[in-house]
Structures are given as structure tokens and as C-alpha cells.
């Protein structure tokens, strides 16, 4: 039995489904850099501003204090989120991939659709996706359809707008270190 709580589906026994958090070494480094920047640079600046604003007296109409506290809460939430990602992350180095003739996690794949429009995508962890840079999460519909494909294979992807067919043109992995 399930019930909805604040937009989340919670099982009656409060058991959580554990989802693997695969991530590339570069993705983990980006998350670590963001965490370090927030923790070592931005948070101390905001703490200093809030303590200065609090020393001025009346906090109820003090914009620096109110917005500083709000920003501090946002930073703390983001730090907690990034900390959970780093704790749960399973680092998978695509350079060590053995089966380089198939699409796997970390592969950069060149695709052609029915109209021969080509695009390159890299399959990465869900926490490091960036569609504008061509990085798609491993649990995305396109990634799930491509996993296991070889050059020349055609895959049909079920998208919200309907089905779309893609042909795998090229598969690349980072060189082994």
C-alpha cells in the first residue's frame, strides 16, 4: 500500500527503494568542486553578512538578515544534497570499459535519426546530466534504448512525443589511462 506525501510516493512500511547512483570520475569531481566552493567560499561570506546584519538590531525589517538567512538555508540544503550524492555514488570509469564495441555507461555515441540528423550524446550518471552539453543520464529513455547497441544497430526510443528511431553511427570511450 502506498500513499502520497508532499508529492512523494511513500510505501506504508516506509521502506525506500535504493537506486544505484552511478557517476563518472569527472562528474564526481564537478560535484566535489561545487561542494567545496559552497562550503569554503560562499557559505562563510553569507555567515559574515548575516552576523553583521544581526548586529544592527531589529531583524524583522532587516533585508540583509532575512535574505542572508534564506540564502544560508539554500546553501545548507544544497550541501546536504551534494553530500548524499557523494556518499551514495558508485564511480564507474568509462576508460576501463572492456566491451568497447557496445554502448555502455560512459560511452559517447553518434546517432542518426530517420531524417539523417546526427547528434552525439554521452551516457553519464543521472546527477551529472546536461542536455546542452550532450550528457544524458543512464536512466533516460534514450540511454536505456541504446545500452547494449553496436555500430549499425537501429533502436526505437519511446518518447513522450511518440516513437523515434535512431541508428548508432559511432561508439567512443575515453582512452585507457
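The values are calculated or read from the model by the stated rules, or taken from the named source; none is laboratory data. Predicted model only: the values in this text are computed from it and were never measured. Every residue, glycine as well, gets a Cβ built from its backbone with ideal geometry; the counts of neighbours run over all protein chains shown.
Annotations
- Qualifying residue in segment 114-128 (condition: over 19 Å from residue 31 (Cβ atoms), surrounded by 17 or more Cβ atoms within 10 Å (Cβ to Cβ), in contact with a helix residue (DSSP H, G or I) (Cβ under 9 Å, 6 or more places away or on another chain) and not assigned by TED's automatic domain parsing to the domain that holds residue 45): yes
- Test: residue in segment 150-167 that is buried (at least 17 other Cβ atoms within 10 Å of the Cβ), touching a helix residue (DSSP H, G or I) at 6+ places or on another chain (Cβ under 7 Å) and assigned to a loop (DSSP other than H, G, I, E, B): no
- Every residue from segment 108-133 that is part of a strand (DSSP E or B), under 16 Å from residue 23 (Cα atoms) and without any contact (Cβ under 8 Å) to a residue 60 or more places away in the chain: 121, 122, 123, 130
- When the helices (runs of 4 or more DSSP H) confined to segment 16-105 are screened for residues that are exposed (fewer than 15 other Cβ atoms within 10 Å of the Cβ) and within 20 Å of the chain's Cα centre (by Cα), those reaching at least 2 such residues are found at 25-37, 63-88.
- Filter pass, residue 142 being out of contact with any strand residue (DSSP E or B) (no Cβ under 9 Å at 6 or more places or on another chain), in contact (Cβ under 8 Å) with a residue 24 or more places away in the chain and either part of a helix (DSSP H, G or I) or at negative phi (or both): no
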